[in-house]
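Enquirer: Sharing a structure here in structure tokens format.
The values are calculated or read from the model by the stated rules, or taken from the named source; none is laboratory data. As the structure is a computational prediction, the values presented were derived from the model and not from experiment. Counting neighbours? That spans all protein chains shown, and the Cβs are built from the backbone with ideal geometry, glycine included. These accessible areas exclude ligands, DNA and RNA; they are computed on the full protein's heavy atoms, side chains included. Shrake-Rupley method; radii C 1.70, N 1.55, O 1.52, S 1.80 Å.
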Amino acid sequence: MCNGAGLVHPLLDSEKPDFSRVVACRCTRKVADSERRARLEQYSNLGLLRRYTFDKMDARGRSGSAASQERFARAYQAARDIAGSPRGWLVLMGPSGSGKTHLAAAIANERLNQGYPVLYKSVPDLLDDLRDTFSPDREVHYNQTFDRVRNAPLLVLDDLGTQSSTSWAREKLDQLLNYRFNQALPTVIVSSIAMERLDERIRTRLTDPELCRVYLLEESQTDMDYDWPSGLELQKSMTFARFDWRRINLAPEQQQNLEQAYRLAIDFAKSPEGWLVFNGATGCGKTHLAAAIVNYRYQAKKPALFVVVPEFLDHLRSTFNPESKVSYDQLFERVKTRTLLVLDDFGEQTTTPWVREKLYQVITYRYNAKLPTVFTTRCSLEEILEEMDSAISSRLVDHQFSTPFNITAPDYRGDVISARSAGKSGRGRRHR
């Protein structure tokens, strides 16, 4: 029985009161639990975001794109993992409406429901709070406010990158992130700003492979998604309408082979699925067909990306170089995650360990995510199996997912030269 002070004697195994001890009564414990939950909720700063939970969202997101659904599912699982056992940093990136704030709030709510402290702050609000502490009439001092955020057991920072870009704001944010980074304190960061547009000091921490996991929930659509970048003007002119599979001087079986490649490329362009691997001699038409697929998708206002592999790797070497001032490369992420990707001149690159690692990362990601990809290579299937890394070659020739096609037509430039020579001879005969 409660003694009026909220205390009771616990029962012994004999069901008799143990008068040597007192514990809080059930009512007191219930009140204490309720008060603790109220304190945790107030500390969390979630407010109306309390309604954002994992149960109220689709684990594959709202996008109809298979690639976007796959990306969201990976981020969703990572969010579940850190909510269950907070460690390291989780970085959620994507445009407005991609679901990143819902995921971040769901993490905070899950921890809160488990009875653990978590603090949710948007970066602009955090900086406003810090500025307000310098007001003479504020009872809470700057150090108290800053330490509360800096030492939060789990901190969720929303809207990173939307804060003012004053030197003071940059300094405070750098101090906060640097402290939590050095202490390896669990942190969730949400940003709608592309990684390469963030301050370099912030970017360096967010892309640290040992502490951080970065998830792009959905790609922001820009003009670059639907048109060719500079330097690829020739590929821009390579359309299906300009592809002539009825070449002169082709043997009937070569012409038939080229027509098959043409039909295969058109079918893939209309409904990209799996991987398509065109191999053949230089000038046989494989790059033209691959570029035509991209042009077809651009005309349909569908995102695609054409990459010349040796040039891509040269670019990565410069940006991933330890002496480079750029610590993160957006192109690498775009190549990994683009809905439809063409890798031209695959196999022409040098086979250093670094190159193999980067190609392995790209190909493994796209293979596991089942992202449509077109390869062009001069290597035969036998050379692919013998000379390429087995982790890469096994995926390229996986007939359940990949369609290898050998184009047997010769270099078309030889046909053009022969045609021109024949034309000149013909004109000479006519003149005679």
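Enquirer: Could you count how many residues in the range 143-159 are modelled with pLDDT under 90 and open to solvent by less than 40 Å² (accessible area, probe 1.4 Å)?
Expert: Just the residues of the range 143-159 that are modelled with pLDDT under 90, to begin with: 143-148, 159.
Within this subset, residues satisfying the condition of being open to solvent by less than 40 Å² (accessible area, probe 1.4 Å) are 145-146.
Number of matching residues: 2.
Enquirer: For the range 144-192, give me each residue that is of a type in the set (Asp, Glu), assigned to a helix (DSSP H, G or I) and within 20 Å of residue 108 (Cβ to Cβ).
Expert: First, pick out the residues of the range 144-192 that are of a type in the set (Asp, Glu): 147, 158-159, 171, 174.
Keeping just the survivors that are assigned to a helix (DSSP H, G or I) gives 147, 171, 174.
The one that is of a type in the set (Asp, Glu), assigned to a helix (DSSP H, G or I) and within 20 Å of residue 108 (Cβ to Cβ): 147.
Enquirer: If you don't mind, another one. Can you tell me which residues in the range 160-200 are open to solvent by 50 Å² or more (accessible area, probe 1.4 Å) and among the β-branched types (Val, Ile, Thr)?
Expert: 162, 166
Enquirer: Here is a list of conditions, (1) over 30 Å from residue 333 (Cβ atoms); (2) of a type outside the set (Lys, Arg); (3) modelled with pLDDT under 85; (4) assigned to a helix (DSSP H, G or I), and residue 70 meets all of them except one; can you say which number that is?
Expert: Single failed check for residue 70: (1).
Enquirer: What number of residues in the range 193-203 are more than 12 Å from residue 91 (Cβ to Cβ) and either of a type in the set (Asp, Glu) or outside any helix (DSSP H, G or I) (or both)?
Expert: Step one: filter the range 193-203 for residues more than 12 Å from residue 91 (Cβ to Cβ), giving 194, 196-197, 199-201.
If we keep only those that are either of a type in the set (Asp, Glu) or outside any helix (DSSP H, G or I) (or both) as well, we get 194, 196, 199-200.
Residues flagged as more than 12 Å from residue 91 (Cβ to Cβ) and either of a type in the set (Asp, Glu) or outside any helix (DSSP H, G or I) (or both) within the range 193-203 amount to 4.
Enquirer: Count, please, the residues in the range 74-92 that happen to be within 15 Å of the chain's Cα centre (by Cα) and among the hydrophobic types (A, V, I, L, M, F, W, C).
Expert: Restricting attention to the range 74-92, the residues satisfying the condition of being within 15 Å of the chain's Cα centre (by Cα) are 74-79, 90-92.
Cutting the leftovers down to among the hydrophobic types (A, V, I, L, M, F, W, C) gives us 75, 78-79, 90-92.
Going through the range 74-92 one residue at a time, the tally reaches 6.
Enquirer: Name the one entry in 355, 335 that is open to solvent by less than 10 Å² (accessible area, probe 1.4 Å), assigned to a helix (DSSP H, G or I) and modelled with pLDDT under 85.
Expert: Numbers: 335 fails: modelled with pLDDT under 85.
Result: 355 is the single residue among 355, 335 that is open to solvent by less than 10 Å² (accessible area, probe 1.4 Å), assigned to a helix (DSSP H, G or I) and modelled with pLDDT under 85.
For every residue, the table says whether it meets (1) at pLDDT below 95; (2) open to solvent by less than 30 Å² (accessible area, probe 1.4 Å); (3) part of a loop (DSSP other than H, G, I, E, B).
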| residue | (1), (2), (3) |
| --- | --- |
| 282 | yes, no, yes |
| 291 | no, yes, no |
| 302 | yes, no, yes |
| 312 | yes, yes, no |
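Enquirer: Right, next: Which of (1) touching a residue at least 12 places away in the same chain (Cβ under 8 Å); (2) part of a helix (DSSP H, G or I); (3) loosely packed, with under 15 Cβ neighbours inside 10 Å is the odd one out, the single condition residue 83 does not satisfy?
Expert: Going through the list (1) touching a residue at least 12 places away in the same chain (Cβ under 8 Å); (2) part of a helix (DSSP H, G or I); (3) loosely packed, with under 15 Cβ neighbours inside 10 Å, residue 83 breaks only (3).
Enquirer: Then there's this: For the list (1) assigned to a helix (DSSP H, G or I); (2) under 24 Å from residue 335 (Cα atoms); (3) aliphatic (A, V, I, L, M); (4) at pLDDT 90 or above, I need the number of the one condition that residue 238 fails.
Expert: Among (1) assigned to a helix (DSSP H, G or I); (2) under 24 Å from residue 335 (Cα atoms); (3) aliphatic (A, V, I, L, M); (4) at pLDDT 90 or above, residue 238 violates only (1).
Enquirer: Next up: For the range 251-261, state whether one or more residues are modelled with pLDDT under 85 and in a loop (DSSP other than H, G, I, E, B).
Expert: Of all residues in the range 251-261, those modelled with pLDDT under 85 come to none.
Checking the range 251-261: not a single residue is modelled with pLDDT under 85 and in a loop (DSSP other than H, G, I, E, B).
Enquirer: Among (1) within 34 Å of the chain's Cα centre (by Cα); (2) of a type in the set (A, V, I, L, M, F, W, C); (3) open to solvent by 50 Å² or more (accessible area, probe 1.4 Å); (4) modelled with pLDDT under 90, where does residue 228 come up short?
Expert: That leaves (3) as the condition not met.
Enquirer: Looking at the structure I just gave you, is residue 422 surrounded by fewer than 14 Cβ atoms within 10 Å (Cβ to Cβ), modelled with pLDDT under 75 and under 38 Å from the mean Cα position of the chain (by Cα)? Working first, answer last.
Expert: Details: surrounded by fewer than 14 Cβ atoms within 10 Å (Cβ to Cβ): yes; modelled with pLDDT under 75: yes; under 38 Å from the mean Cα position of the chain (by Cα): no.
For residue 422, the condition - surrounded by fewer than 14 Cβ atoms within 10 Å (Cβ to Cβ), modelled with pLDDT under 75 and under 38 Å from the mean Cα position of the chain (by Cα) - is not met.
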